[in-house]
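Contents: one structure, followed by commentary.
Any read-out appearing in this document is the output of simple, stated calculations on the displayed coordinates, not a laboratory observation. Here the structure is a predicted model, which is why all the values come from computation and not from measurement. Here the Cβ positions follow ideal geometry from the backbone for every residue, glycine too, while neighbour counts run over all protein chains shown.
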């Protein structure tokens, strides 16, 4: 059991968050957002995604954004790549960490990337191999770990199988994502426990959307199980284009407030994070989804 007091947050707002927002932000605003986040003490900030601009127009400026951000020593700026072409584009601008994604649900993979789970992993194998040769770290995402908008329940055995394969292929960390936010604490704990029997807990992260208001409770259950890496998005941005009604990721501000209140360390300055989230929600012309920021602003 991991008794370490430190939790590493992986900030996904600039990628997972913004790619699912209706408001298209110019590259300069995205660069300013990431630079603000770099000043909060976050150590991992997912910067953008080198997917086809046709599929995700929000991130068509990936190269410009990655080139433009201030790279703070000690902070990693992973980028999502869907295939070898995306990997090449990411490397051209100097990315030194990438993330790849697949789902634990066959139906979701078919709808999302038009491939079976096995096909999607086979596609990634050469990308991971190339990354290893280039000295580039690879993080793996497994989505729909607690439910799928198309097939409903997702067998835990499928989650375990996919996570184990990505880890065996060379992903240093596997992020387990509740894409549509349907999970509850007991299910989240049981899923994590099952995966941790095959993949070391130190190589696992959790990624909860807050659709049903369960994200913080799920994170707490997984922390008690021993996980020490949590994905979150400043201001609770995002959703999922393939999951109707799925709200954003859990807000980073709310996660940090909870962790600090539990006596855990994150290295993050909560006041600076709140200020960054409030600034972002103003850029998006919408209220922040962070309860902590709302409470803070009401004072």
| query | In percent, how large is the relative contact order of the chain, given Cα pairs closer than 8 Å and 6 or more residues apart? | reply | 20
| message | Along the Cα→Cβ direction, 7 angstrom out, place labels at residue 115 and residue 70. What is the inter-label distance in nm? | response | 3.8
| Alpha carbon centre of the stretch 265-298 versus the stretch 3-54: separation in Å? | 14
| query | Of 14, 90, 125, which has the largest mean-square fluctuation in a 10 Å C-alpha GNM of the chain? | reply | 125
| field | Cα convex hull of the stretch 8-298, projected area averaged across orientations, nm² | value | 13.1
| remark: Taking only the alpha-carbon positions of the stretch 1-150 as identical scatterers, the Debye log10 I(q)/I(0) at q = 0.14 Å⁻¹ comes out as -0.72
| remark: Stokes-Einstein D for the stretch 199-299 (10 °C, 1.306 mPa s, Kirkwood Rh from Cα pairs), in µm²/s, comes to 113
| Centroid-to-centroid separation of the stretch 192-241 and the stretch 110-129 [C-alpha atoms, Å] | 23
| remark: Percent antiparallel among DSSP beta bridges confined to the chain, nearest 5, equals 5
| said: To make sure I understand, if each residue's beta carbon is the centre and we count other beta carbons within 10 Å, what order do 146, 220 fall in, fewest to most? | reply: 220, 146
| Can you put 225, 64 in order, fewest other beta carbons within 10 Å first? | 64, 225
| note | FRET efficiency (residue 43, residue 262; Cβ distance; R0 22 Å; to 0.05) is 0.70
